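To keep things clear, I will list the structure first and then write my remarks on it.
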Amino acid sequence: MRRELNSWFSPALQNEMPIVTYGYSGFALLLVPTAAADYLEYERFQLIDTLAPFIDSGKVKIFSINSINNESWLNNQMLGEHKAIRHNQFNDYVFTEVLPFIKNSTSQETPIILSGASFGALHSMNLFLKRPDLINGVIAMSGVYDLSEYTKGFYDEQVYYNSPMQYMANLTNHDILKEIRKSSHIHIVTGSGDYEDPGASGKFAELLYSKDINYELDIWGPEFKHDWPTWRAILPHYLATRF
C-alpha cells in the first residue's frame, strides 16, 4: 500500500499539522479522528488494513488528519468561549488548508467524502453541512449530532453553529439547502450495542427528512458496540456497496 506523510505549519491553528495519505487514485476519503486521537489513529486500530483492497485497487485515496479536541472541547482548563474559538479554527484549517491539499493531491474534480466515528462523526457531519459546495458527502459512524453533549454545560452562539442537530432545525437558506440536497452520500450509521446511541442517529435523520434532504439511516444490531470492531465492519461495507 502506498503511504505518504506530509506536514505543514497551519496558519489557522498556529501548529504543525501532519496528514497521512494512503493510496494513489480514486475518490478522496478524509478521515476525522475520534475524541482526542491523532492522524494515525485509524491505522493504529487496523481500520486502514480493512480498507486495503479498496486502496490498492485505486477505488479510494484516503487522507487522515489530527484532531484538536484536546485543545478545545476536551480541555477542562480552557474557558468555553476559548474552546469555541479553537473549534472554529479547526474548521478553517479543514476548509482552507486540508481540502486544497487533497485537491492538489488528486484533481479539482475528485469528489471528497468525509468520515469519522464517535466525536469524529459529529465533526464530519458538521464540516459537510457547512460547506456542501466543497465536500461531496459524509459517512458518519456512531455519532451524536448535538455538540452540547460535549461542552459540559457551556452554550453560546458558536456551540449552536457547530451543532448540526440545532442549526439544521432552523436552516432556511435555499442555496445551502440546495447544495446539501445534491449529495447522494449522506450516510448515518450506528450500532445498537453497548455505548451506542441509535436514537441520536434516528432523531438527526428525522431532521434531515423534514428538510427534504436525502440520507441513509442504517442501524446495525446489538452485537455492534461503540468500538473499533464496529467501525472496522461498517466502513469497508460502505466502500464496497455504496461507492
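The values are calculated or read from the model by the stated rules, or taken from the named source; none is laboratory data. Keep in mind that what you see is a predicted model, and the values were worked out from it rather than measured. When we count neighbours, we look across all protein chains shown, and the Cβ atoms used for this are built from the backbone with ideal geometry, even at glycine.
Being under 17 Å from Ala12 (Cα atoms) and either touching a Ser or Thr at 6+ places or on another chain (Cβ under 8 Å) or not basic (Lys, Arg) (or both) is a condition met by at least one residue of region 50-66.
Residues in region 1-46 that are among the hydroxyl-bearing types (Ser, Thr, Tyr) and either part of a loop (DSSP other than H, G, I, E, B) or at pLDDT below 95 (or both): Tyr24, Ser25, Thr34, Tyr39. Determine if region 10-28 includes at least one residue that is farther than 17 Å from Asn126 by Cβ, small (Gly, Ala, Ser) and surrounded by fewer than 16 Cβ atoms within 10 Å (Cβ to Cβ). So far as region 10-28 goes, yes, one or more of its residues are farther than 17 Å from Asn126 by Cβ, small (Gly, Ala, Ser) and surrounded by fewer than 16 Cβ atoms within 10 Å (Cβ to Cβ). Among the residues of region 59-73, are any surrounded by fewer than 22 Cβ atoms within 10 Å (Cβ to Cβ), farther than 23 Å from Met17 by Cα and not hydroxyl-bearing (Ser, Thr, Tyr)? Looking through region 59-73, at least one residue is surrounded by fewer than 22 Cβ atoms within 10 Å (Cβ to Cβ), farther than 23 Å from Met17 by Cα and not hydroxyl-bearing (Ser, Thr, Tyr). Contact annotation: residue pairs with Cβ atoms under 7 Å, 6 or more positions apart or on different chains, pairing a residue in region 128-149 that is within 19 Å of Leu239 (Cα to Cα) with a partner that is of a type in the set (D, E, K, R), are Ser142/Glu196.
For region 93-114, give me each residue that is charged (D, E, K, R) and either more than 17 Å from Lys130 (Cα to Cα) or surrounded by fewer than 14 Cβ atoms within 10 Å (Cβ to Cβ) (or both). It would help to see each step written out before you state the result.
Taking region 93-114 and keeping what is charged (D, E, K, R), we get 97, 103, 109.
Listed by number, the residues that qualify are Lys103, Glu109.
Identify all residues within region 1-51 that are among the small types (Gly, Ala, Ser) and under 20 Å from Thr110 (Cβ atoms); write none if there are none.
Going through region 1-51, the residues among the small types (Gly, Ala, Ser) turn out to be 7, 10, 12, 23, 25-26, 28, 35-37.
Result: Gly23, Ser25, Gly26, Ala28.
Name the helices (runs of 4 or more DSSP H) wholly within region 170-242 that hold at least 2 residues that are without any contact (Cβ under 8 Å) to a residue 12 or more places away in the chain and farther than 27 Å from Val60 by Cβ? Before the answer, list the steps.
Working: elements: 174-182, 198-210, 228-242.
Qualifying helices (runs of 4 or more DSSP H): 174-182, 198-210.
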